[in-house]
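The structure appears right after this line, and notes come after that.
Every number in this text was worked out from the coordinates using simple rules, so none of it is lab data. Not measured: the values here are computed from a predicted model. Counting neighbours? That spans all protein chains shown, and the Cβs are built from the backbone with ideal geometry, glycine included.
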Amino acid sequence: MTVIDNTDQRPETIWSEHVSFMDRIPRSIAMGGLLVGFVALWQLIYAIGVVSPIILPGPWETGADIAFVGKNLFTGGYMLTALWITIKEVIFGFAIAITIGFLLGILVGETTFGERAVLPYLVAIDTMPKVAFAPLFLAWLGFGIASKVALAAFIATFPIVVGTAAGLYVADENARMLFKTMGASRFQTLFKMKLPLGLPQIFTGLKIAAVGVMAGAITGEFLGGGKGFGELIRVASSQLNTPRVFSLIIFLSLLGLTLFWSVVWLEKKLVFWHKSSVSGGIGT
Amino acid sequence: MNALQRSAFDGAGLAGRPVYELRGVAKSYARRSIHALDRVDLTLTEGSFSSVIGPSGCGKSTLLKIMAGVLPPTEGSVYLEGTPVTGTRRDIGMMFQQATLFPWRTTLENIVLPIEIRDGKKAARAMHDEARALLDLVGLKGFDSVRPNELSGGMAQRAAICRMLITKPAVLLLDEPFSALDELSRDFMNMELQRICMERNATAFLVTHSIPEAVILSDTVYVMSPRPGNFVEAINIDLPRPRTLDMMTDPKFGEYVRRIRARLDKGAFL
Ligand SMILES: Nc1ncnc2c1ncn2[C@@H]1O[C@H](COP(=O)(O)OP(=O)(O)OP(=O)(O)O)[C@@H](O)[C@H]1O
Ligand SMILES: [Mg+2]
């Protein structure tokens, strides 16, 4: 009896895993803290004066310029016109890359012919430094928006091909046999089983492509004739207006992030069933 | 192939209309020229339950795939209801070791998938009530809108049974369907399977590694030799229907198990 009484009086053994102080900081504070630390370091280097202000402007100077560029953008100034051109290049480039990349990916992943004959060529082209094609696109398509769209699409197509083809290989023997025994057509097997199963891989390709399409559009503008944001950056840097270059890059990266987030958002809508559909915590 | 040899494995003495007829079915895989199956003869009569048991890699799955029309044989003929099997057929229901439910579909949508493939989305929706009744039948009432990754292995396998049954197939080909389950749920599922087969007068052919499972379910147990696979013995199980789990303690049951084990030990694992 006494033994039982003793056990009743023992304290509960609720315990929790130890979490280090660093890991307990909420995200907003952790990210804000890092930003403050970075700016402080920047200010320090600037104040010591080891680097010329033309090469590295101070944080306040840059901040003021970011505000200026932001105001120009929001009041519909010439920078908004330039940004709009870049946005158009990126959207057209991405749309073309998705269309071509998806179709090529299905050709490679679904048909033996594609895998045998088309894939080797794709790999060969993919290993080339694609930016080196920019002068060709310029020569073929002129100095307008088309050459930039082409370069952006060219760079972004390959990750989508690879992602789609890899996605189509995901379906295992059991799933294939199940669809066979159900008498599914090739079309049904593709759209009701292989493509949905491959969506995580396809979205990995799309995310890489979203980054590539930005790089392609800006590189295209650098090489000449552009009227977009890349051109603004080129002009600012030729005038040694380093704060302007910085602030333009920051707004450009916002555009890139928006594109990336849109892909992540779509992925979460479509691939809700997949565990790793949360992409590195971005946008969560 | 003489008549005497044929009669040894044909229908194993059970009266009934032949549903499946296999004559001299052999299979070699071109890759590495593996001789997987060696001239198998088999007749399954309507409403019968047969099992095949044999060592790993002896060609059981290969045989099942050939019967289902998923894989062509390299020799011999396969007839189902008198017509040659040269591709997948609608009157066959097949089940594998893995449940293979698709995670973007609810359990109910997974179950009506064969209907959706065959007759389209609208027909599939019309079968929802039927599918719910099947879920009820396998003890998954109320799980219709649950996603498969929230089901346990046994529950997923039960859902897979419903998916097989929704088309009301006259023939069930089962490749170790419950081998991933624990023994208790396995026994339970086997009894369910028997009930369903008897209810629908379905012809079933089961691949298994479990001797007791083969004996408790089957009218005939075929013992297969190691690769190249061939039937070395067909054992008629003379136990009354419906079978119950209590029969496993029957001395007759033990005798069958011993006989099959002896047969497997003799040739199989040497
Ligand atoms: N696609 C294939 N290509 C080449 N060889 C194969 C293929 N599938 C099976 N085999 C070979 O055929 C033989 C029989 O395989 P099968 O899968 O039919 O065996 P099994 O009796 O079902 O074995 P288990 O009990 O382990 O499932 C094996 O030796 C295997 O190596
Ligand atoms: Mg097998």
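Apply the a/c threshold of 1.5 to the C-alpha gyration tensor of the protein assembly as shown and tell me whether it is rounded, prolate or oblate.
It comes out prolate by the Cα gyration axes.
Any chance you could get the radius of gyration and Dmax over the Cα atoms of the range B:99-168, in Å?
10.6, 30
Can you tell me, using C-alpha contacts under 8 Å and at least 6 residues apart, the relative contact order of the range A:71-161 as a whole percent?
Contact order relative to length: 43 percent.
Using per-residue counts of other Cβ atoms within 10 Å, averaged over each peptide, order A:19-26, B:131-138 from highest down.
B:131-138, A:19-26
Give or take rounding to whole Å, what are the principal axis extents of the alpha carbon atoms in chain A, in descending order?
Result, largest extent first: 89, 62, 34 Å.
What average number of partner chain Cβ atoms lie no more than 10 Å from the Cβ of the residues making up A:186-192?
1
Does the range B:122-209 come out rounded, prolate or oblate by the C-alpha gyration tensor, with a ≥ b ≥ c the root eigenvalues, rounded set by a/c under 1.5 and, if not, prolate when a/b is larger than b/c and oblate if not?
Because a/c hits 1.5 or more and a/b fails to exceed b/c, the range B:122-209 counts as oblate.
Return the percentage of antiparallel bridges among DSSP beta bridges fully within the protein assembly as shown, rounded to the nearest 5 %.
50 percent
If N is the number of residues in the range B:15-159, what value comes out of its Cα radius of gyration divided by 2.2 N^0.38 Å?
In units of the 2.2 N^0.38 Å rule of thumb, it is 1.24.
What is the packing order of peptides B:216-225, B:253-262, taking the mean over residues of other C-beta atoms within 10 Å and listing the highest first?
Ranking, from highest mean packing down: B:216-225, B:253-262.
Under 8 Å for C-alpha pairs, at least 6 residues apart: give me the relative contact order for chain B, rounded to a whole percent.
Result for chain B is 25 percent.
Would you kindly state the longest site-free stretch of chain A, with sites defined as GluC sites (Glu not before Pro) in a DSSP loop (not H, G, I, E, B) surrounded by at most 12 other Cβ atoms within 10 Å?
By the stated rule (loop sites, at most 12 other Cβ atoms within 10 Å), A:18-284.
Where the centroid of each part is defined by its Cα atoms, how far is the range B:21-84 from the range A:2-63 in Å?
With the range B:21-84 and the range A:2-63 each reduced to a Cα centre, they are spaced 65 Å.
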